Amino acid sequence: MKLSLISFLALATTGFAEDLRNCGTAPYYPSQYTCFDNSFLCPISNGVPTLRCGDACYLQSQYACSNNQLVLNDPNQPDTLLNCGPAQYYDSQYVCFDGNFLCPVINGKATLRCGDACYNYDQYYCENNQLVQTQTGTCRPNYGFCFENGMSYACCDGLICVADRCRVPCELTGTC
């Protein structure tokens, strides 16, 4: 199997700059996955966490979750009324977790569940159903450090954390 030099460097250095966390018994890198219910991992796609719906992961831009079942978003009908346990909600305003827990969509971004709280993934992560702050101040710009002095920081919109720095994703593939 051949890897490009950039791919190899990205894979080789990501593990050194970022601490592994555990989701149940599975180790994961928080820049690549989100842990739900301390037992279920969903990937982060182009800097956007996929959400859990039953035993599936989905992008909020493409699907919604109604009673633990995926529902395809219809672009001709932007505000669909869905069910989250006994509650009804609009998919543009909330996301449903575990079939009965609603978290708001803020500025077009879904917030995630951590225990009995909802959180913004740009500012926190969930560990053992407890919120942990990941940044202080504002986001880090292109080539700003996303891991520094044992702390992780959020990269600004459109950037991803690779090898301890915030970078434009297309730089890794050479398609910029």
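Considering each residue of segment 32-51 in turn, none proves to be modelled with pLDDT of 90 or more, closer than 30 Å to Asp19 by Cα, surrounded by fewer than 16 Cβ atoms within 10 Å (Cβ to Cβ) and touching a Leu at 6+ places or on another chain (Cβ under 7 Å). For segment 45-55, the criterion of being over 18 Å from Thr111 (Cβ atoms) and in contact (Cβ under 8 Å) with a residue 60 or more places away in the chain is satisfied by at least one residue. Here Cys126 meets each of (1) at pLDDT below 85; (2) surrounded by fewer than 19 Cβ atoms within 10 Å (Cβ to Cβ); (3) in a strand (DSSP E or B) with one exception, condition (2).
What number of residues in segment 21-44 are touching a residue at least 40 places away in the same chain (Cβ under 8 Å) and over 17 Å from Phe147 (Cβ atoms)? Total meeting the criteria: 5.
The values are calculated or read from the model by the stated rules, or taken from the named source; none is laboratory data. These numbers were taken from a predicted model, which means no experiment stands behind them. Quick reminder, even Gly has a Cβ in these numbers, built from the backbone with ideal geometry, and neighbours come from all protein chains shown.
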